[in-house]
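One structure is given here, and the rest of the page talks about it.
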Amino acid sequence: MSFLIYDLVFLAVFLAVFSIFLYTRKKNLKKEGIMYLYKTSWGINLINKIGNKYRKTIKLLSFVSISIGYILMAVMIYLTYHLIKIYFFAPDVVRAVKVPPIMPLVPYLPQIFHLSFLPPFYFTYWIVIIAIIAITHEMAHGIFASYNKVKIKTTGFGFFPFFLPIFLAAFVELDEKVMQKKKKFAQMAILSAGVFANILTAILFFAVLALFFISAFSASGIIYDGYATALVPISGITIVNGVNVTNASYEKIIEMSNNEGLNELADNNGQYLATKELIEKQKGGEEIYLYHSAPAIKENLSSIIVEINNVRVLNMESLISELSKYSPGDEISVKTIRDEDVVEQKIVLEENPNEKEKAWLGIGFASRDGKSGFGKIISAVSFKKPNVYYEPKIDGWSVFIYNLLWWLVLISISVALINMLPIGIFDGGRFFYLTILGITKSEKIAKNSFVILTKIFLAIVFLLLILWGISFFR
């Protein structure tokens, strides 16, 4: 919360300074469509110098850039297909994510939508990342254009006036008439240069993130995902909050449940706990998920465990190994992290309902086997092993810098992928058109293919928005 205050102050200062800057230089500000563009000549000399000095290197990189463009386009088409499947067949995932399928990454997005699987995204992160990604992306376009003798007319940035400064974008304005006369290979190299730069940025900062993570964090405990649950037939429940129940029904269980705290339920197989909210969310089925009446939930154990009887617990294997030393009825000392403080609790272990001779806490670990493609990308970028708690070596700054680097890598990849969508406004649109033109040698077929594919993608976006809305009513 303290950093959020600083971040909001920085946002206000940035808005003020940015507004003054634009007002004092309004002669360079031009309206084009619904955007305002600030046109200047920043960096043109540097771009031309690089484009002319390293001609052999850029010629070689042109082949790499075009190849990466095709790979990214194929990946984006596959991800679109995968996204369609999720929206059609996994409405529970759509509801859990909450964010609409088309949504720009603006500051505070994870905080606004309560996306716990993403770290906070502050305005400070946003402005630093936009500067790095946009400048490298547009400079790459300019360098490859300069190499191919396409004049750079202006550079600058643009924004939507009603969203200043949330939708800033950099640009390099090329001489389009000259560019369209160039060979298809040259045009495709220029078009794909921006996403090529994004991939190089992602690789560079991925390496920086890896080195920083190793030096700034250490494994210090385990994080469990929740308390152990059981799927219980409603008709089999015999006791609710100490009162016997005959012919149990969902409505009767709700009526007998308390609004505050945990409700105690039982059947012939064991005892369970649940909040009234948890029960209400499962209306309609013949079975409901309830928490086992286990030590962890009864003692309100924190989700981060660092020690058991003064023995460090660094992963799931060490937790299982340590608990195997004890029997049901033994008392253990458990140290956890709660609100950044170490808390020690005495807990009496109970019988595991599935293996009576073994002791258990009653905590659970979610399976990661079915993780989505996006989830796998997030995990790969994080360097964090599942369910391991990592303690920062420098309070505050370690987490701040780590999250900044993490977002920079993820957004670099995302920008590269999105820009290679084979539709109108993106680099991939013209890239696709030139590909079809090269194959068919027909401008008519190329234009028609481009228009049809753009309409298909727009229809998919519209359909996904409808499915997103419907998912909240299923």
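Under 1.5 on a/c is rounded, so check that first for segment 88-128, then, if it is not, pick prolate when a/b is larger than b/c and oblate when it is not; a ≥ b ≥ c are the square roots of the alpha carbon gyration tensor eigenvalues.
Prolate.
Share of Cα-Cα pairs in segment 402-448 beyond 15 Å, in percent?
Percent of Cα pairs beyond 15 Å in segment 402-448: 55.
For segment 174-273, what relative contact order do you get, as a whole percent, if you take Cα pairs closer than 8 Å and at least 6 residues apart?
17 percent
For segment 277-291, just list the computed ³J(HN,Hα) in residue order, Karplus coefficients 6.51, -1.76 and 1.60, θ = phi - 60°, integers in Hz, with x standing in for Gly and Pro.
Ordered by residue, 3J(HN,Hα) equals 4, 4, 5, 5, 5, 10, 5, x, x, 8, 10, 9, 7, 10, 7 Hz.
Would you mind checking which residues have amide H under 5 Å from W42's amide H? H placed 1.01 Å from N; only 5 or more apart, or other chain.
T155
So, in Å, what gap is there between the alpha-carbon centers of segment 268-341 and segment 53-94?
Answer, in whole Å: 42.
Skipping prolines and chain starts, which residues have an amide H placed within reach, meaning under 5 Å, of the one on M420, given they are 5 or more residues away or on another chain?
When sequence neighbours closer than 5 places are left aside, the close amide H contacts are G428.
If you roll a 1.4 angstrom probe over the protein chains with everything in place, what fraction of the accessible area of the chain belongs to carbon and sulfur, to the nearest %?
63 percent
Calculate the all-directions average of the projected area of segment 201-257's alpha-carbon convex hull, and give it in nm².
If you wrap the Cα atoms of segment 201-257 in a convex hull and average its projections, you get 8.4 nm².
What accessible area per residue comes out for the chain, rounded to a whole number of Å², with a 1.4 Å probe?
Dividing the accessible area of the chain by its residue count gives 55 Å².
Give the relative contact order (percent, whole number) for the chain; include only Cα pairs under 8 Å separated by 6+ residues.
Value for the chain: 18 percent.
Tell me, what is a quarter of the convex hull surface for the C-alpha atoms of segment 68-177, in nm² with one decimal?
Its average projected convex-hull area is 9.5 nm².
Can you give me the three principal axis dimensions of segment 127-190 from its C-alpha atoms, in Å, biggest first?
The Cα atoms of segment 127-190 stretch 38, 21, 16 Å along the principal axes, largest first.
Would you report the distance distribution of C-alpha pairs in segment 387-474 as whole percents per 10 angstrom bin, up to the bin with the largest distance?
Using 10 Å bins, I get a P(r) of 15, 25, 22, 20, 14, 5, 0 for segment 387-474.
Over every pair of different alpha-carbon atoms in segment 259-406, take the mean of 1/r and invert it; report that Kirkwood radius in Å.
This gives a value of 18.0 Å.
Taking a cut-off of 16 Å between Cα atoms, list the aspartates and glutamates near K283, but don't count ones fewer than 8 places away on the same chain.
Partners found: D92, E251, E255.
What percentages, rounded to whole numbers, describe P(r) for segment 321-474 computed over all alpha carbon pairs with 10 Å bin width beginning at zero?
Spelled out bin by bin, segment 321-474 gives 8, 18, 21, 20, 15, 9, 7, 2, 0 percent.
Between their Cα atoms, which of K39/K98; K252/K358; K59/K441; K49/K441; K53/K447; K53/K444 are more than 30 Å away from each other?
K39/K98; K252/K358; K49/K441; K53/K447; K53/K444
Summing -39500 (n - 2.57) over the DSSP H runs of n ≥ 4 in the chain and dividing by its residue number, what mean residue ellipticity at 222 nm do you reach, to the nearest 500 deg cm²/dmol?
So the calculated ellipticity at 222 nm is -17000 deg cm²/dmol.
Please tell me the relative contact order of segment 40-186 in percent, rounded to the nearest whole number, where contacts are Cα pairs under 8 Å and at least six residues apart.
With pairs under 8 Å counted, the relative contact order is 29 percent.
I'd like the Karplus ³J(HN,Hα) series for segment 186-197: coefficients 6.51, -1.76, 1.60, θ = phi - 60°, whole numbers in Hz, and an x wherever there's a Gly or Pro.
For segment 186-197, the Karplus-derived couplings read 5, 4, 5, 5, 5, 5, 8, 4, x, 6, 4, 5 Hz, x marking Gly and Pro.
Quick one: 3J(HN,Hα) in Hz for segment 292-304, Karplus 6.51/-1.76/1.60 with θ = phi - 60°, rounded, Gly and Pro as x.
Values, residue by residue: 4, 6, 10, x, 4, 6, 5, 9, 6, 5, 5, 6, 10 Hz.
How much of the pair distance distribution for the chain lies past 34 Å, counting alpha-carbon pairs only, in percent?
Of all Cα-Cα pairs in the chain, 51 percent lie more than 34 Å apart.
The values are calculated or read from the model by the stated rules, or taken from the named source; none is laboratory data. All figures in this text were calculated on a predicted structure; none of them were measured in a lab. For the accessible areas, the whole protein counts, side chains as well, though only heavy atoms, and no ligand, DNA or RNA atoms are used. Shrake-Rupley method; radii C 1.70, N 1.55, O 1.52, S 1.80 Å.
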